[in-house]
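Right, one structure below, let's go through it.
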Amino acid sequence: MTGASKKVREIQALEKIPVGVSGCLLGEQVRFDGGHKRDAYIVGTLAKYFAFIPVCPEMAIGMGAPREPIRLVGDPDRPRALGVRTEKLDVTESLRNYGVSMAEQLGHLCGYIFKRASPSCGMERVKVYSEKGMPSNKGVGIYARAFMEKHPLIPCEEEGRLGDPVLRENFIQRVFVMHRWRNMAASRLTRAKLVDFHTRHKYIVMAHNQTAYKRMGQLVSKVGSEPLRPLAERYFAELMSTLKLKATRKRHANVLLHLLGYLKHNLDTADKEEMMDTISVYSHGEIPIIVPITLFKHHFRRYPNPYIEKQYYLTPHPQELMLRNLL
């Protein structure tokens, strides 16, 4: 079995990954008007791989559905969640406390998908109204802020932004990386496991930031001289922070050239030229990355390499998600 095939089997063998989600996105009728915002991509595609834990803060604090809508008012950094018609309706502390409570209960999550623009669940650019009624898009939902402050490393995204191919792939890749990390850390963490984890994610990290990869390598080099657990926590914080950065075509092209080096003694002149041309065309934005990736998988099936077989870069998530088809 080839390395790529092993990686696919490895991913498919994983149990569904726990991910939080705003309940209305699953079709739950919990909106202020008694309706929902069912998202077909979340329910129809991601649900095949993610075990969704639905949450509706407004319902949880007893507001019911239908209910009076709320909005954020005041300082964008410290807004109040007030009733649109009844300003005496102030649910700020209730939403914040619930966020803190759920952060404690849901610390095992590997990701969270929030409802865009929601005064409770919006991740960013939520409308905040001044005392004169003028809106600005500088707010964060009260519940979402409390949760994200407690768990800054858990990948979070909004359903609206999942329509962007780059943001979608970035989020889902981070969810799978966190799941692999959690599975590794759940068993007895060892120095060898940390080194292996770092090695297998080398090219994924390099596609986001090569300097950060070097910093992470320096951390891993200290596994024999520093206490393991705090070192691993620093490493993982650096990893998740780096993966939030967008991977660019230039960085991907650099990774692809590194991979080509592992085939230099195997490919003939024509194949090498084809690979170089494909990488160049990709780097100029003329084809998606799935084209050179597919060629690399083909060549590594013909000429297996033990080091590349360990890498997650060529298959970082299930191919059925087709996340790289538009990158």
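The values are calculated or read from the model by the stated rules, or taken from the named source; none is laboratory data. Treat the numbers as computed from the prediction; the structure is a model and nothing was measured. Ideal geometry is used to build each Cβ from the backbone, glycine not excepted, and the neighbour counts take in all protein chains shown.
Worth a mention:
- Residue that is farthest from the chain's Cα centre (by Cα) [pool: residues in region 131-160 that are of a type in the set (A, V, I, L, M) and within 15 Å of PRO119 (Cα to Cα)]: ILE142
- Those helices (runs of 4 or more DSSP H) lying entirely in region 217-301 with at least 3 residues within 22 Å of PHE171 (Cβ to Cβ): 228-243, 249-261
- Checklist (1) touching a residue at least 12 places away in the same chain (Cβ under 8 Å); (2) over 30 Å from ASP164 (Cβ atoms); (3) surrounded by 12 or more Cβ atoms within 10 Å (Cβ to Cβ) applied to TYR307, failing item: (3)
- Unmet criterion (only one of (1) touching a helix residue (DSSP H, G or I) at 6+ places or on another chain (Cβ under 8 Å); (2) surrounded by 14 or more Cβ atoms within 10 Å (Cβ to Cβ)) for LYS264: (2)
- Out of LEU243, LEU263, LEU239, sole residue that is among the hydrophobic types (A, V, I, L, M, F, W, C), more than 20 Å from GLN210 (Cα to Cα) and not assigned by TED's automatic domain parsing to the domain that holds PRO152: LEU263
- Those residues of region 180-209 which are in a helix (DSSP H, G or I) and among the aliphatic types (A, V, I, L, M), in sequence order: MET184, ALA185, ALA186, ALA192, LEU194, VAL195, ILE204, VAL205, MET206
- Hey, ARG31 over 27 Å from the mean Cα position of the chain (by Cα), at pLDDT 95 or above, of a type in the set (Lys, Arg) and buried (at least 17 other Cβ atoms within 10 Å of the Cβ) or not: no
- Filter pass, ALA51 being in a helix (DSSP H, G or I) and closer than 30 Å to PRO316 by Cβ: no
Yes/no matrix, rows are residues, columns are (1) buried (at least 17 other Cβ atoms within 10 Å of the Cβ); (2) at pLDDT 95 or above; (3) under 17 Å from VAL195 (Cβ atoms):
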{"position": "THR211", "(1), (2), (3)": "no, yes, no"}
{"position": "GLN218", "(1), (2), (3)": "no, yes, yes"}
{"position": "SER221", "(1), (2), (3)": "no, yes, yes"}
{"position": "LEU228", "(1), (2), (3)": "no, yes, yes"}
{"position": "PHE236", "(1), (2), (3)": "yes, yes, yes"}
{"position": "ALA253", "(1), (2), (3)": "yes, yes, no"}
{"position": "LYS272", "(1), (2), (3)": "no, yes, no"}
{"position": "ARG324", "(1), (2), (3)": "yes, yes, no"}
